[in-house]
Amino acid sequence: MAEPVRKQPRSPVPVRETSIIGKPFRRVDGRPKVTGTTRFADDLDIPRLCFMKLSRSTVPHARIRSIDLTRAREIPGVLGFLTGDQMPETFGILPVSQDEHALCLDKVRMVGDPVVAVAALSEDAAHEAALLVEIDYEPLATISSLEDALATPEPRVHEDARGEGNVHKAVSMEFGDLDQAHAEADLVLKDTFFYQGNTHLPMEQHSAVAVPEDEDRITLYSSTQTPHYVHRALTRVLGLPASRIRVVATPNGGGFGGKSDPFNHEIVAAKMALQLGRPVKITLTREEVFYCHRGRHPVLMTLETGFKKDGTLTGQHLKSALDGGAYGSYGIASTYYTGALQTVTYKLPAYRFDGVRVFTNKPPCGPKRGHGTPQPRFGWEIQLDKAAHRLGIDPAELRLRNLETEGAVTANWLKLGTIELQRCIEAVVEGSGWRERYGKMPEGRGLGIACGSYLCGAGLPIYWNHMPQSGVQLLLDRSGGVAVFCGETEIGQGSDSVLAAIVAEVLGIELADIRLCVADTDLTPVDLGSYSSRVTLMVGNAAVEAAERAKDLLAKAAADELEVPTERLVFASGRVFDAADPDRGLSFQETCIAAEARFGTLGTVGSYTPPRSPGRYRGAGVGPSPTYSYTASVVEVEVDSDTGIYRPLHVWIAHDIGRSLNPVLVLGQVEGSVYMALGEAMMEEQEFRRLPPRRSRALVHKMPSMLEYKSPTFCDMPPVTTYLIEQEDPRGPFGAKEVGQGPLLPVLPALANGIFDAVGVRVDQVPIQPFMILSALAAKHRRFGPDSFPDVNFGETLAVPTPMQGGDGKAIDDLQARRRSGMASTTGTMTTRDEALSQHKKLTTD
């Protein structure tokens, strides 16, 4: 791992002096992970533990005629069975997509759908019994693709779905006058792109252990990213009071979004444990993980964008069509996300977005690193490259001319924070020698550039409410130690370390003095989970608030002991001392004793609620964030025009991090994003095939194992030069912004643009395979990719005026001021605050 290049802030405002924050420090969970003592879910061994397996559908779409357990019961060691009629309540991650059953009731919708659960004394016995469950099916027509779903309204994958036929969600929104924007353009480009679906591929498979504590109390240990939402699903399906269900998220061996849903195996394990009165463990095989999926949606896109002669953007029309698989998952949000963030990178005066998601008889898609945004970003950045060549403008310069501005409000009413994308572009342009080498390298060698942007946490919770999205509780005692309680989930990204470091920094103590209790719905305050790059900003701000409150209590006690004003006290190096006389002070432990003597047991809390978004239209709940991160990348690539084989030679990537809380962790996230992006760009795909008719024409995964599903190895990974662009964002803790997802976005289109620079062909889909390059080289238009977009009924277009006063934020600030006085405005109409909140709740939960 190369040392990152840290670019100093451009602002004259001095960076706060810190002792831990901003410096490399060892992860708080580092020692147990490298010594093998971390206990993942599958490591848990509890007295009287039994094992569970699921008997899954072997057909893609059918009604269940009958289930015969006779042969399965004969297996020695079998303890019990569960079927769908014992858990008839539906569940799902979104309130508008409660379309899953823990076990299928009367219908299966994909190969791998769970139908029967079997528990036994050993895992082998459970597996053997599951294979002997006999299920008789009445086959239904298989919906195998986006085109199938649009052309086949019957049979419906979900009879009670809200959309027509097999359409899950259709949306159409226009911001400003797009026709006028295109009429004013000197160049209008229309391009179609395809982004193949792929999966998360974490090292750890899904695993869960359910432990009954009484007839109506249950604890579930699970490798989940969202214990809070798993808790909600268990409450709904099991029919137990929420107070009698406990969910503990065990350390995750990777997640990347694949463990963000509540899953049927978690619910079934809890039900089985209650039925048997003993602990139950289930660990999915790698093949089962492929079928659980929730990975990247396959997306077909058309972008029609207008440009002035100088490269200035006039407007864009984006159409996206998503193959959602068999269930809703996060799909409605995913559909909106394919359009919502198009406006936060470059100035788009007018913008129209049409999106559709369909159901098919394949594993359900959901959130994967970048959730819904890598697909349109891929098309957007390639189209910018095409426009630059048509207009005779350097591709880096074209991007620089169109950058959004700090604090702006976009055409679709997203309020932006700090933006350091210009410095990101300048860093990778300089580092790669772009101006000296682009377009001037030997045949077969090329450079490509692209940019990206992403959320620093979603602005609204999945279930709309007025409560905080994250909470932190501190307990200080006479030992001088600090216990930190928080619902955040460590999935390998280093969130435990960030939480501990922030508290330690504020209180002036060492990381070793912090004890963490996290991701336990019984013991910790609620945090909504590790998704949408939300943890650093939201948990971090809650931790700062809790620690500052504790610091205030300690300062009052220390000031009395030392007889100095509180404002002169310094917390550092495990001491509390007088800034005017550093030798005069107390140890942190002595300060805690003094404070406990004065105030009693010492405890404080902190919480964080994001600022309210200015958008007031149907669909405005997707896209808002407290602030956004930005990334630029240049990829150098070598292409063999005789074989089409190519390889990336070097990646330069610059990320607008706000402030790096731990540069080593940040670098790991950036390079991990580069690795994942190259995998999606070059080889990863969630592809399916039909078995012969004698096997019910089952639609099965072509490569459901790590042997067949290709992802990059160390040998495939090129050198990476990382630039951390630092400028504190006041919305983040210590000025920090996200880094977990945003750096993935620009790498794929940069690679595609590099291939064009190398051999002069466009490949407008991923993964980019050698035969595609050869086909493009032989084609008249020197292009490979989709040529058309299906005829889709997106429904009635919602016309939304763009922000007043050029989107400079002033109008929104005025509106917020009026709201504070009890009034709210929606597109010029004044309403009471209660009316506005009611409308907002209705619109953002659709």
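Given the criteria touching a residue at least 40 places away in the same chain (Cβ under 8 Å), assigned to a helix (DSSP H, G or I) and aliphatic (A, V, I, L, M), does ALA141 qualify?
Against the criterion (touching a residue at least 40 places away in the same chain (Cβ under 8 Å), assigned to a helix (DSSP H, G or I) and aliphatic (A, V, I, L, M)), ALA141 does not qualify.
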Within the stretch 194-228, track down each residue that is open to solvent by 20 Å² or more (accessible area, probe 1.4 Å) and under 13 Å from PRO251 (Cα atoms). MET203, GLU204, GLN205, TYR221
Note on GLY603: of the conditions (1) modelled with pLDDT of 95 or more; (2) touching a strand residue (DSSP E or B) at 6+ places or on another chain (Cβ under 9 Å); (3) among the small types (Gly, Ala, Ser); (4) buried (at least 20 other Cβ atoms within 10 Å of the Cβ), unmet is (4)
Of the residues that sit in the stretch 607-665 and are part of a loop (DSSP other than H, G, I, E, B) and acidic (Asp, Glu), which one is nearest to LEU447 (Cα to Cα)? ASP640
Pick from LEU516, LEU511, LEU416, LEU476: which is farther than 21 Å from VAL28 by Cα, aliphatic (A, V, I, L, M) and either in contact (Cβ under 8 Å) with a residue 60 or more places away in the chain or open to solvent by 10 Å² or more (accessible area, probe 1.4 Å) (or both)? LEU416
Criterion: buried (at least 19 other Cβ atoms within 10 Å of the Cβ) and closer than 26 Å to PRO139 by Cβ - qualifying residue of VAL118, VAL78: VAL118
Can ARG16 be described as in contact (Cβ under 8 Å) with a residue 24 or more places away in the chain, surrounded by fewer than 19 Cβ atoms within 10 Å (Cβ to Cβ) and assigned to a loop (DSSP other than H, G, I, E, B)? yes
Consider ILE768 carefully, then state whether it is assigned to a loop (DSSP other than H, G, I, E, B) and either aliphatic (A, V, I, L, M) or surrounded by fewer than 24 Cβ atoms within 10 Å (Cβ to Cβ) (or both). yes
Just give me the residues in the stretch 419-435 being open to solvent by 20 Å² or more (accessible area, probe 1.4 Å) and over 22 Å from the mean Cα position of the chain (by Cα), in sequence order. GLN422, ARG423, GLU426, GLU430, GLY431, ARG435
Can you tell me which residue in the stretch 186-226 is nearest to the chain's Cα centre (by Cα), limited to those that are among the hydrophobic types (A, V, I, L, M, F, W, C) and within 30 Å of THR312 (Cα to Cα)? PHE194
Could you look through the stretch 263-285, keep only residues that are part of a strand (DSSP E or B) and open to solvent by less than 10 Å² (accessible area, probe 1.4 Å), and pick out the one that is nearest to GLU204 (Cα to Cα)? ILE282
Matching strands (runs of 3 or more DSSP E) fully within the stretch 39-113 where at least 2 residues are touching a residue at least 40 places away in the same chain (Cβ under 8 Å) and charged (D, E, K, R): 50-56, 62-68
Among (1) assigned to a strand (DSSP E or B); (2) open to solvent by 50 Å² or more (accessible area, probe 1.4 Å); (3) under 30 Å from TYR351 (Cα atoms), where does ASP191 come up short? (2)
Residue identified as in contact with a strand residue (DSSP E or B) (Cβ under 9 Å, 6 or more places away or on another chain) and open to solvent by 60 Å² or more (accessible area, probe 1.4 Å) among PRO611, PRO525: PRO611
With the structure loaded, tell me whether ASP716 is of a type in the set (D, E, K, R) and open to solvent by 20 Å² or more (accessible area, probe 1.4 Å) or whether it fails that test. yes
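The values are calculated or read from the model by the stated rules, or taken from the named source; none is laboratory data. Remember, predicted model here, so these are calculated numbers, not experimental data. Methodologically, a virtual Cβ is constructed for each residue, glycine included, from the backbone with ideal geometry; neighbour enumeration extends over all protein chains shown. The area values use the complete protein model at the heavy-atom level, side chains included, leaving out ligands, DNA and RNA. Shrake-Rupley method; radii C 1.70, N 1.55, O 1.52, S 1.80 Å.
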